[in-house]
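The block underneath contains the structure these notes are about, expressed in structure tokens.
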Amino acid sequence: MNFAKTICLSLLGAIIFTSCGEKSTLPLGACDCAAIEDTNSPDFAKCKDLRKDATFEAEYVKCKQAIKSGISDTSKISIGSAENATYLSAGDGNYVMDVTTSSVNWTGEKAIGKSHKGVISIKRGNLSISGGKITAGEVVVDMNTLTNTDLSGNEKNDIESHLKSPDFFDTAKFGEATYTIVSGEKLDAVKYAVKGKLTLKGITKDLNCEINVIANNSDVIIAGGLIFDRSQFDVRYGSGKFFENLGDKLIEDEIMLKLDIKGKKQ
């Protein structure tokens with residue numbers, strides 16, 4: 001995997017919808033229809049007919065927005081009507097992150113293709129929007145809450161302890177990591193090109209990305225993610241940039257973070 005050091009992905013946690021085949025015999029749901037791209041397919045025609053129902057159409061639009069934003073749970077997307085659901089632009093204001101319903105998910109890979117994933121709790125955060133632009137914001141995570149979610153038992157405990165050790169993130173010494181948003185230009189109804197800085201292990205580096213900010217009544221949902229190069233933050237263990245002949249112990253430098261955040265307007 002060869003990612004540019006400051007590449008960010010707005011859809012790290014991409015939703016995989018199975019589109020219906022040419023001879024589908026199964027009932028088509030709203031999200032099945034939303035995933036169909038071939039406008040000449042028989043299923044597209046069936047969906048077009050199904051969308052005449054107002055309830056189906058409203059759910060269809062939610063699914064379309066979910067595909068676009070990277071949010072898998074369509075219940076998190078609120079709409080007033082099918083007519084205005086496409087434009088879920090967040091209004092001006094300061095949004096404080098709800099730490100009880102928000103999370104940052106991480107994924108790391110070894111060179112042989114094996115990956116691990118987990119979650120880090122958000123300690124605090126906010127996002128400010130003015131004149132259709134993001135003017136400021138930050139996400140602060142508690143590195144001591146770093147957990148693994150794909151292993152269990154001793155393997156889970158071992159990898160969590162190792163990641164928190166000085167070999168990796170040294171969480172006893174560096175308990176917080178912060179992504180600070182400097183500015184964000186609007187690209188479409190929900191997507192922003194963000195300029196920001198990541199601070200990890202006491203080191204700060206520029207890191208730009210794209211995120212989706214979606215209105216949820218008077219609050220917002222912030223989705224998307226970023227990729228950072230751990231070697232820039234003195235996380236050396238298993239890195240080919242610092243050690244040679246690692247073989248199957250080589251660990252990729254790029255770590256992916258997926259944001260799934262709810263912000264409450266203040």
Restricting the stretch 171-187 to residues that are modelled with pLDDT of 95 or more and part of a loop (DSSP other than H, G, I, E, B), the residue that is farthest from SER121 (Cα to Cα): LYS173
Which listed residue, of ASN157, ASN105, ASN148, is within 18 Å of the chain's Cα centre (by Cα), at pLDDT 90 or above and over 16 Å from ILE222 (Cα atoms): ASN148
Enumeration of residues in the stretch 141-163 that are in contact with a Gly (Cβ under 6 Å, 6 or more places away or on another chain) and either within 19 Å of LEU259 (Cβ to Cβ) or not in a helix (DSSP H, G or I) (or both): MET143, THR147, ASN148, THR149
Contacts under 6 angstrom Cβ, first residue in the stretch 33-46 being under 20 Å from GLU59 (Cα atoms), partner surrounded by 13 or more Cβ atoms within 10 Å (Cβ to Cβ) and among the small types (Gly, Ala, Ser), 6 or more apart: ALA35/SER19; ILE36/SER19; ASP43/SER24
Hey, ILE227 crowded, with 16+ Cβ neighbours inside 10 Å, of a type in the set (A, V, I, L, M), modelled with pLDDT of 75 or more and touching a helix residue (DSSP H, G or I) at 6+ places or on another chain (Cβ under 8 Å) or not: no
Filter pass, ALA193 being within 30 Å of LYS64 (Cβ to Cβ) and without any contact (Cβ under 8 Å) to a residue 40 or more places away in the chain: yes
Members of the stretch 127-153 found to be closer than 20 Å to LYS191 by Cβ and of a type in the set (A, V, I, L, M, F, W, C), listed by number: LEU127, ILE129, ILE134, ALA136, VAL139
Residue within the stretch 214-225 that is more than 16 Å from SER89 (Cα to Cα) and free of Cβ contacts under 8 Å to residues at least 60 places away in the same chain present: no
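The values are calculated or read from the model by the stated rules, or taken from the named source; none is laboratory data. This structure is a prediction, so every number in the text was calculated from the model and none was measured. Every residue, glycine among them, receives a Cβ derived from its backbone with ideal geometry; neighbour counts consider all protein chains shown.
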